[in-house]
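First up is the structure itself, then whatever we jot down about it.
Values quoted throughout were computed directly from the atomic coordinates according to the rules given, and no laboratory measurement underlies them. Quick caveat, the model's predicted, so the values are computed rather than measured. In this analysis, Cβ positions are derived from the backbone assuming ideal geometry, glycine residues included, and neighbour counts consider all displayed protein chains.
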Amino acid sequence: MDLVQFRFRRAIAPQLLLRDPESGVAFYRQAFAAERRYRLDDSEGRLVRAELEFGDDLLLVEALDAAGARPVGGTALAAIRIRLMVPSADETLGEAVSLGAELLAPPTNGLGLRSGVVRDPFGVEWVVASPLSLKP
């Protein structure tokens, strides 16, 4: 698969606009094992845009100021929550918390999943889940 096919293989890709995209990318790579597939820097070497792969899915991370968007900022008008499927919810949640995420809901079992919720250092909530084994 060439780069263009890879980058545009989905109709929708979530895009996070962060004040500090460099730290965001580092956190997502370490806490959630994301792989960086693309990076665009400005003329001063600051990260403007990165594309991270989570399994078969893509997450775009951009500098808030470069994207020209305005943050919602302190209101309940919008929220972002991303569900991430991983082999072990407990291990991934523990890693995220050790890197500065806030545990909002400890891992529990329900609906065929073991899942918990963290808020990353950038305010994004992640539902981290792993499938429960189906035993007869």
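For region 76-136, what does the convex hull of the Cα positions come to per residue, in cubic angstrom?
On the way: hull volume 4.9 nm³, N = 61.
Normalising the Cα hull of region 76-136 by residue number yields 81 Å³.
For Leu84, enumerate residues with amide H under 5 Å from its amide H, sequence gap 5+ or separate chain, H modeled in the peptide plane.
Amide H neighbours of Leu84: Val127, Val128, Ala129.
How much length is gained if the chain between Leu104 and Glu44 is pulled fully straight, taking 0.36 nm per residue apart and subtracting their Cα-Cα distance, in nm to one decimal?
Numbers: separation 60, 0.36 × 60 = 21.60 nm, distance 3.70 nm.
Extending this stretch completely gives an extra 17.9 nm.
How far apart, in nanometres, would the label points at Gln30 and Ile12 be if each is projected 7 angstrom from Cα along the Cα-to-Cβ direction?
Result for the modelled spin labels: 3.2 nm.
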